[in-house]
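I have placed the structure first, in the form of structure tokens, so that the comments after it can refer back to it.
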Amino acid sequence: MTYRLTQYAHGGGCACKIPPGELETVVAGLVGGTPPDGPGELMVGLDDGDDAAVVRINGDTAVVATADFFTPVLDDAYDFGRVAAANALSDVYAMGGTPLVAVNLLGWPRDVLPMELAAQVLAGGLDVAREAGCHVAGGHSVDDPEPKYGMAVTGIADPAKLLRNDRGAAGVPLTLTKPLGVGVLNSRHKQTGEVFPEAVKAMTTLNRDASAAALKAGAVCATDVTGFGLLGHLHKLARASRVTARLDAAAVPYLAGARDALAAGYVSGGTKRNLDWVRPHLDPGSISEDELLLLADAQTSGGLLVAGEVPGYPVVGELIMARPDGVTLEVR
């Protein structure tokens, strides 16, 4: 029997994230307060919604910690595991770190889907972690009505060479290291079963090389582009850095088939919520609603958005002085 994993979940990939506005309200009470007694200095926490937590443990070593899991974005169990692992590891790369060890997070409807499929999911995750040079050491599983998979990842970084989302400066270009469009293509895949190899390749490609190239280029500010879309993550970066981002829509690369999927109506609810969330902070210029939806497309295991020019990757805009009207995003 052939199982289509995407049919056993209400959403898929990072598109099933809690909407950013709701999430910020929920975690608002967790920000600030008196630091606990104990080892280490918290360098990056919840304050600006960065990609991972960072704790300095000595002068030249910091620990990077993150967790990420979601429902199936692909029908193929092995590829789903690969995508979920690459996505979880990406948070460490987005901070300028190196993944060290990961533990699996698995939810599985054991009375509905064979455990052999769960084993394939875990095998995909293991293979991507091995490609990253990251140990996988156990994890946690629960009997869940929907299949879910991801990882909690611990990495290390040089505390003097972090990529943070609050270090952007006016006059700096913006670089995007993967094309957009996996959101609408994944929505089409869920509805029709069509497979888009270019999207699978993009989602399973580690952000390791892009992170290393950004650090080598002297970048200090970056984030990865996942469930909140390019506009959502760029808004968070600009807000945290107290600047405005000017995006050149024509310079943004897309996967083949993305525009066709948009035209056919394969737009997730998460993408629409992303655009609604940033709209009060957005100056869209003359850009169409369809183009804005693509820019807000909920990505899964997307690329890095770097404040700085990174050789080999396209420049898609720049950071400018903060506008007095509170607009963080200009699209031209």
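The values are calculated or read from the model by the stated rules, or taken from the named source; none is laboratory data. The structure displayed is predicted, hence computed values, not measured ones. Cβ atoms come from the backbone with ideal geometry, glycine included; neighbour counts cover every protein chain shown.
Computed values, structure above
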read-out: Answer from A169, A88, A118 - the residue that is crowded, with 19+ Cβ neighbours inside 10 Å, out of contact with any Phe, Trp or Tyr (no Cβ under 6 Å at 6 or more places or on another chain), outside any strand (DSSP E or B) and of a type in the set (G, A, S); value: A88
read-out: So T2, is it out of contact with any Ser or Thr (no Cβ under 6 Å at 6 or more places or on another chain), assigned to a helix (DSSP H, G or I), of a type outside the set (D, E) and at pLDDT 75 or above; value: no
read-out: Complete set of residues in region 177-199 that are crowded, with 22+ Cβ neighbours inside 10 Å and among the aliphatic types (A, V, I, L, M); value: L180, V182, V184, L185, A199
read-out: Flag if A219 is of a type outside the set (V, I, T) and either part of a helix (DSSP H, G or I) or in the same structural domain as D50 (by TED's automatic domain parsing) (or both); value: no
read-out: Subset of region 302-323 [in a loop (DSSP other than H, G, I, E, B) and not β-branched (V, I, T)]; value: G302, G303, G308, E309, P311, G312, Y313, P314, A322, R323
read-out: Residue in region 271-287 that is touching a strand residue (DSSP E or B) at 6+ places or on another chain (Cβ under 8 Å), surrounded by 22 or more Cβ atoms within 10 Å (Cβ to Cβ) and of a type in the set (G, A, S) present; value: no
read-out: Hits in region 279-301 (condition: without any contact (Cβ under 8 Å) to a residue 60 or more places away in the chain, part of a loop (DSSP other than H, G, I, E, B) and on the phi < 0 side of the Ramachandran plot); value: P284, S286, I287, S288
read-out: Failed condition for A250, given (1) buried (at least 19 other Cβ atoms within 10 Å of the Cβ); (2) hydrophobic (A, V, I, L, M, F, W, C); (3) without any contact (Cβ under 8 Å) to a residue 40 or more places away in the chain; value: (1)
read-out: Single condition G193 does not satisfy, out of (1) on the phi > 0 side of the Ramachandran plot; (2) assigned by TED's automatic domain parsing to the domain that holds A84; (3) out of contact with any Leu (no Cβ under 8 Å at 6 or more places or on another chain); value: (2)
